[in-house]
Number of protein chains: 2
Amino acid sequence: MSTTAPRGFRAAGVAAGLKSSGAPDVALVVNDGPGDAAAAVFTTNRFPAAPVQWSRQVLSTGRVRAVVLNSGGANACTGPEGFGDTHATAEHVAQELGIGAIDVAVASTGLIGVRLPMGELTAGVTAAAGELRADGGDDAARAIMTTDSVPKTTVQARDGWTVGGMAKGAGMLAPSLATMLVVLTTDAVVDAGTLQTALRAATAVSFERVDSDGCLSTNDTVLVLASGASGVTPGAEEVTEALTAAATDLAMQLLADAEGSTKDIAITVRGAATVEDALTAGRACARNNLLKTALFGNDPNWGRVLAAIGTTDATFEPDRVDVTINGVTVCRGGAIGDPREGVDLTGRAITIDVDLRAGGEQATIWTNDLSLAYVHENSAYST
Amino acid sequence: MSTTAPRGFRAAGVAAGLKSSGAPDVALVVNDGPGDAAAAVFTTNRFPAAPVQWSRQVLSTGRVRAVVLNSGGANACTGPEGFGDTHATAEHVAQELGIGAIDVAVASTGLIGVRLPMGELTAGVTAAAGELRADGGDDAARAIMTTDSVPKTTVQARDGWTVGGMAKGAGMLAPSLATMLVVLTTDAVVDAGTLQTALRAATAVSFERVDSDGCLSTNDTVLVLASGASGVTPGAEEVTEALTAAATDLAMQLLADAEGSTKDIAITVRGAATVEDALTAGRACARNNLLKTALFGNDPNWGRVLAAIGTTDATFEPDRVDVTINGVTVCRGGAIGDPREGVDLTGRAITIDVDLRAGGEQATIWTNDLSLAYVHENSAYST
């Protein structure tokens, strides 16, 4: 049920012809209220796409009544003309729904540096508006897919209220190819400020800890819309908990479906002086191509773990660091530990535990391997 | 002639059995003087290999009379035992040559986290000492190869004096798989301080601007030895110029032979407020897997250039940035420029010019594409 699991929402997904494959490519999610509080987290890339620039203005009001999303084109680096295209899309949605353009957030994903085919897109918006249904969430989730092999949705039922959501792509701070887009919905009664604080907390420990290929998209967008239709007003902590559960569920689905990946890798750095140190060391591993290719090759090459964290400024003494891969402590005190031959890497799940022995903090970063299929998919994308 | 092109040097390369292939794997370069000034630049990785720890102590004296290098094992993350192995190797070289162990620098390359087979290694050192020849530089250059497909050597003749050198690997600040090792030699009369200043200047604009895969080795070492055998005392600027020429020549050879690469990519960032900004923006491109896979696929995907530099804190206005790929300005003012179809990427050489329009500084970073062969080579290395 995705974004339409909570009460007060309708959604649709249609094929507008933006994708040459003829697959669905325009999604619409509408909040019928009675509330319209909203919050968002956007990419920090300094080349934000036109829809990100537009939606930031919309979200500055703390209110959103509809979200239109398209795959088949990112509308990034398209100049003032591209921004005009996004604005026109929002105006068209507003006209169809009888609301204001400022009530309409926009999100796009696909190739950078290409204008959107506006004729197809606006016709698609009209079609989607005509197909809005209270059970349309799954159709919307399918229409935002790009290289995703399956739609990603979540439903988190709480006491009299619900959080739903859909996602495409992989990873927030460092998503893979074509942008991470996420729309969360809830029928809880929540004000925009509470929603924004809860969303930031939820993304910080979920999407922002998935680091698939270290690249940061121009279009990343995570939105949350609250209809208030349940009439239930949960506490701020309850909202944070439910949004975190939904975001974590979606983040793990993104990881499992990352482009060309054959491994899901959880890198936990413990014994860190600070959480920031743990994240820095974890990310250095997640972004190390030599380690990621070794894991693709089922090679427990722990030297590449040390070489990666050795490039960071995290607090640790090199001769105190332990590394455990899938349960085998292959490195003790920065030197040779148990035989690497004992490590079984044939499954999809890999856990790397690094103990810095420098404090009591820890954090986990999730990533994928660097596979032949990754290179193949990403070298053949726009051509 | 490599390291033996300048007068006062002998070298050898032998097969000691460290490599299962039976290829040469132990090299020895000896400075017969009359001078023995030396300087070095080492990896900044916080897990420096045993030979790096040892050689740092040797170089603190400003003097080196012999360098022993082995492929077939990095002797990194091997604890006190590994340091003992390096020490024993230096002692054995010293014994063979009738000098002190503190006169002997050591460099190693190969798999991290495995002890060296000391029986084979010391026998190899004895054999190499017996084969030292004034024209042995090419043999030494072959013995330090790992995944290199060709030996890398350089000779820079100046007015009555010469710089020679050999290298293996790819990139200093960010070398590929198996470490960058470089030995430069000169018969100029130079003191250690001048040599160190000149070497730092030379590596800063050569090896440190090659960024093959963003990974930093535990073993990177660049040494320079001065015999003074020419009797010529060049000025400090002349020494810097000649070392820079030698280092740049070797750096370009490393780039051209990087593991599994199909493209040599020169990323020039101009119009930067500072050289540091230009380097930061250039490195962000060089480390962006999405851009590197696109170039492997002959895809002039300029959006990935902007997405990469958009993650940096370099000074620029997003709507003023131009990107030119192989002569075609595909992006103007942060938006769509000339048609990307006009870009021919079928050759090995690719030039990416980014104009930040924020100042008068510029710098070039060299890198390679991310290819299927890169993943294949690096996933199959230790297994």
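Counted over the protein assembly as shown with a bin width of 20 Å, the fraction of Cα pairs per bin, in whole percents, is 17, 44, 28, 10, 1. Distance between the pseudo-spin-label points of residue A:204 and residue B:95 (7 Å out from Cα toward the beta carbon): 6.0 nm.
With a Förster radius of 22 Å applied to the C-beta separation of residue B:273 and residue B:320, the computed FRET efficiency comes to 0.95. The ranking of B:10, A:115 by Cβ neighbour count inside 10 Å, starting from the fewest, reads A:115, B:10. Using a 7 Å projection from Cα along Cα-to-Cβ, the label point at residue B:32 is separated from the same position in the remaining copies by 9.4 nm, smallest value first. May I ask what percent, to the nearest 5, of DSSP beta bridges between residues of chain A are antiparallel? In chain A, DSSP labels about 70 percent of beta bridges as antiparallel.
Computed over region B:2-256, the percent of Cα pairs more than 32 Å apart is 10.
For the segment B:367-376, counting C-beta atoms of other chains within 10 Å of every residue's C-beta and taking the mean gives 5. Rg and Dmax, both from the Cα atoms of region B:101-207 and both in Å, are 15.4, 46. Pick from A:23, A:141, A:128 the residue whose mean-square fluctuation is largest in a GNM of chain A, springs joining Cα atoms under 10 Å. Per the Cα network of chain A with a 10 Å cutoff, A:23 tops the list. Within the shell defined by Cβ-Cβ distances under 11 Å, the residues around residue B:324 carry a net charge of -2, with Lys and Arg each +1 and Asp and Glu each -1. Here each label is just a point 7 Å from Cα along the line to Cβ, and for residue A:56 and residue A:191 those points are 2.6 nm apart.
The label point for residue A:313 and the one for residue A:115, both projected 7 Å from the Cα toward the Cβ, are 4.6 nm apart. For region A:264-379, the share of DSSP beta bridges that are antiparallel, to the nearest 5, is 70%. Within the shell defined by Cβ-Cβ distances under 14 Å, the residues around residue B:245 carry a net charge of -4, with Lys and Arg each +1 and Asp and Glu each -1. Each of B:241, A:91, B:259 was scored by other Cβ atoms within 10 Å of its Cβ. Arranged with the fewest first, they read A:91, B:241, B:259.
Structure note, pairs A:152/B:263; A:168/B:263; A:19/A:168: Cα-Cα distances above 26 angstrom occur for A:152/B:263; A:168/B:263. Applying 1/(1 + (r/R0)^6) with R0 = 25 Å to the Cβ-Cβ distance of residue B:236 and residue B:131 gives a FRET efficiency near 0.10.
Computed across region A:264-379, the Kirkwood radius stands at 14.0 Å (inverse of mean 1/r, all Cα pairs). Among A:317, A:361, a tally of other beta-carbon atoms within 10 Å of each Cβ gives an order, fewest to most, of A:317, A:361.
Dividing the summed -39500 (n - 2.57) terms of all DSSP H runs of n ≥ 4 by the residue count of chain A sets its mean residue ellipticity at 222 nm at -9500 deg cm²/dmol.
Taking other residues whose beta carbon is less than 13 angstrom from the beta carbon of residue B:333, and scoring Lys, Arg as +1 and Asp, Glu as -1, yields -3. With 0.36 nm allotted per residue and the present C-alpha distance subtracted, the residue A:149-residue A:346 stretch has 68.7 nm of extension available.
Each reported figure results from applying straightforward, stated rules to the coordinates on display, with no laboratory input. What you see is a predicted model, and the numbers here were worked out from it, not measured in a lab. All Cβ positions, glycine included, derive from the backbone under ideal geometry; neighbour counts span all protein chains shown.
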